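Just so you know, all these numbers are worked out from the coordinates, no wet-lab data involved. This structure is a prediction, so every number in the text was calculated from the model and none was measured. Virtual Cβ from ideal backbone geometry, glycine too; neighbours counted across all protein chains shown.
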Ligand SMILES: CCCCCC/C=C/C(=O)SCCNC(=O)CCNC(=O)[C@H](O)C(C)(C)COP(=O)(O)OP(=O)(O)OC[C@H]1O[C@@H](n2cnc3c(N)ncnc32)[C@H](O)[C@@H]1OP(=O)(O)O
């Protein structure tokens, strides 16, 4: 064993002292590097396997188990080994990681392996430049600040002068940030807003940027983007928490039904003025809101545009807990830091179990809502409401 550990230590990180789990998870990784490779995307997969050997920084046991599991799934399919005994900690951890992938298709596992290695390669480059322990900004976004610390990736909307209205570019950035967070080594992901608003929802100026194909083409593109955007929330694999620091409007409210917990300041309000804008619900709210609060209360919000206070939204079940604004940040972050220390795989799997039964339904609802909105955007009601806002004749 000492020989194996020594070889691993030399291969991976010359100065690292390996824990028993590292010792065991590494040989498997090494062993599998020479295993059967897939036919499709073989180059990418093999490149990724080689990149693993070149990582400068030990990615930690959780990630190594993930790599192990994805490798096994990609090359052998669903876990086919007998479950190790309860005291065989290391093999049990490996078995659990592989088994947790369930019936994930081989192609998806291979892609996830490649994506994970690529995120490790880039984070190992950037972290070697960053200060250890600092609240590291991960990537440059124009409309977001994304940081990772204490096992928490925080995605903060950052257009405070526009009340964090979501521009076309910002939709894309949020999708990118969520996809990156789903693969990074954080335990939970938090979405919040910078400034006095959580978000004022869709940037109504999005509709003024008409492509050469005209308004029909714009509506079509917007429906595709909306569907992709909401799908990203539906598929997000780890606990996703909203820290609602102030008022939330439109799509920033509807998507809350897809979060795992919503903490709100008592200054926050929740407003979905779709009828006022000639629109209809999105973000799966046509399904999640009646489920969460009952059809009558959902109607008041989604059809009549009733604005809820944070306490009302909590009473309806949309918000998990409300905090006084004066202590909001302190109390919420203390709690989130404690939650982030819970076992990562267990939380992921629990989320998977809780959400699995609804996933297909949510994707279907999302497709339907996006297609209905594509037509709504071309209606006189919607065009007039948008023009009124943009020409400053009306406000919510
Ligand atoms: C395209 C693909 C997906 C679409 C999905 C469908 C999504 C639907 C929705 O989200 S519907 C909800 C849309 N949001 C709104 O209708 C909110 C509009 N904004 C307001 O009513 C008000 O700005 C306010 C109540 C949010 C805040 O009012 P106030 O406190 O008085 O601040 P200001 O109005 O002065 O705001 C400052 C500055 O920001 C601009 N701004 C705010 N929100 C938006 C927005 N959603 N879109 C565009 N611009 C916004 C506002 O115009 C001000 O700009 P100015 O300083 O005057 O240039």
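Which FRET efficiency, nearest 0.05, do residue 299 and residue 54 yield, Cβ-Cβ r, R0 56 Å?
That gives a FRET efficiency of 0.45.
Quote to one decimal, in nm, the extra length available between residue 108 and residue 331 on full extension: 0.36 nm per residue of separation minus the C-alpha distance between them.
Details: separation 223, 0.36 × 223 = 80.28 nm, distance 3.87 nm.
Roughly 76.4 nm would be gained on extension.
Given Cα positions, please report Rg to Rh for region 197-345, the hydrodynamic radius being the Kirkwood one.
Reported Rg/Rh, Kirkwood definition of Rh: 1.01.
Suppose R0 equals 30 Å. What FRET efficiency, 1/(1 + (r/R0)^6) with r the Cβ-Cβ distance, do residue 315 and residue 368 give to the nearest 0.05?
Numbers: r = 29 Å, r/R0 = 0.96.
The computed FRET efficiency comes out at 0.55.
Can you give me the distance in nm between label points at residue 46 and residue 83, each placed 7 Å from the Cα along the Cα-to-Cβ direction?
3.8
Figure the gain on full extension for residue 176 and residue 352 (residue separation times 0.36 nm, minus the Cα-Cα span) and round it to one decimal in nm.
Separation in residues times 0.36 nm, less the Cα-Cα distance, equals 61.2 nm.
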